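Working notes for the structure below.
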Amino acid sequence: MVTMREVAQAAGVSTMTVSNVLTGRRHVSPQTRQRVLDVVVRTGYQVNVAARSLRRGRTGIIGLGVPELDSHYFGMLGARLVARLAREGLRVVVEQTGADREGELEAIADSRVNAYDGLILSASGLGSADVAALAGDLPVVMLGERQDMHRFDHVEMSNTAGAEAAARLLLERGCEHLAVIGTPPLERSDDDGGHQDDAFRLRAAGVRRALAEFPGATALAVQERTNHLSTGAALAAEALRRQPRTDGLLCATDTLALGALRGLADLGVHVPDDVLVIGFDDVPAAAYSVPSLSSVSPGHDAMVEATVRLLLRRMRDPSATPEHFVGPWAVVERESTRRGSRPRARRSVGAPAPQRS
């Protein structure tokens, strides 16, 4: 078994520095912290969390590592998990990983060395072997679309089937020139692209499946590696510049779709009369945009329940066979894909009614 002293020697630091890194103390420089974590992963050094838990007892704390806290989807997911775990008497410590390797390493290290009862992690930068090496015997449930995480309990969305249904809805509504916002080029094979693209790559595959049933339709994919409202607005404008006849917009996330609605409005393009728009995630804001946004619901309640169930099972039985859960999807249709649904002009709220002479 690798010792802390061996980790320190391999990293070229003292054992105290290794201890400081693994206990989450922040006065270690980022460069040193990363070097130590890299050695921990490479050597498989593990703190015996089970033994520590026997000494300390349960902490009642679960770690939650997500890429960002200010996104529509992860903000909603975090709130739901916090509320659901509270019903089990568990508190949640949330870490924003930035969807990069260093942030995800820190989320695992902090959860392990602080003897959290478990960790829920959405990983983009780390591979399955990295997570296994650093997590040790910490109960872990993986979230997201990484297809190499099946050695862990893993909860993901039905990306391909959901995106296929969304594209088919636009095509059945008569759209002939689709723009797909946020996915890699549709010409890629299902195996192309890095793991950080897994969700969007799988959604692109669903669009391709739908297009195969409508030979006369075309589709253009435009992508930036950010998921912000401003990105959606910019990509919608770019899609119309590249294909002025665009009549259907499929967005890889609701955040991009909500931004696209703003971008289209700025261009004087009416939704749904000129262009139909659909998103993916069915976040609460989708029901309150103008027009309200059609979206693919990935089964939020079922995914949260599965995540908590799998985590509690793993805490009770560390040797349980890993389970892979795919959320049930549904297309939620609202105004943005219903032509003729734009409301008539109305008086401003509070404006006096016209007086008859």
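A short reminder: the numbers here are calculations on the coordinates, not readings from a lab. Values in this document were obtained by computation on a predicted structure and should not be read as measured data. All Cβ positions, even for glycine, are placed from backbone atoms using ideal geometry, and neighbour counts span all protein chains on display.
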*Report the extension gain between Q147 and R241 in nm, rounded to one decimal, defined as 0.36 nm multiplied by the number of residues separating them, less their alpha carbon distance.*
30.4 nm
*For E333, put the label point 7 Å out on the Cα→Cβ axis and report which residues of the stretch 212-231 keep their amide N under 19 Å from it.*
213-214
*Over its Cα atoms, what ratio of radius of gyration to 2.2 N^0.38 Å does the chain give?*
1.15
*asked:* I want to verify a result. In a Gaussian network model of the chain, Cα cutoff 10 Å, which of these has the top mean-square fluctuation: N159, N114, N20?
replied: N20
*Debye sum, Cα scatterers, the stretch 251-344, no solvent: what log₁₀ I/I(0) at q = 0.14, 0.20, 0.24 1/Å?*
-0.58, -0.88, -1.12
*P(r) tail fraction, the stretch 58-156 - alpha-carbon pairs more than 17 Å apart, %*: 45
*What's the exposure ranking of E305, E187, E145, going from fewest to most Cβ atoms within 10 Å?*
E187, E305, E145
*Quick one: which residues, 5 or more positions from G65 or on another chain, have an amide H under 5 Å from its amide H? H modelled 1.01 Å from N in the peptide plane, none for Pro or chain starts.*
E95, I120, L121, S122
*For the pair R42 and E172, how long in nm is the line joining their label points, each one 7 Å along Cα→Cβ?*
5.4
*T59's amide H: which non-local residues (gap 5+, or another chain) put their own amide H closer than 5 Å, with H modeled 1.01 Å from N in plane and none for Pro or chain starts?*
D117
*For the chain, what's the relative contact order in percent, using C-alpha pairs closer than 8 Å and at least 6 residues apart?*
15
*According to a simple spin-label model (label point 7 Å from Cα along Cα-to-Cβ), what is the distance in nm between A212 and A86?*
4.6
_Sites matching chymotrypsin sites (Phe, Trp or Tyr not before Pro) across the stretch 243-336 that sit in DSSP coil, with at most 15 neighbouring C-beta atoms within 10 Å_ = Y288
*Under a plain spin-label model, where a point goes 7 Å from the Cα along Cα-to-Cβ, how far apart in nm are H270 and E6?*
7.1
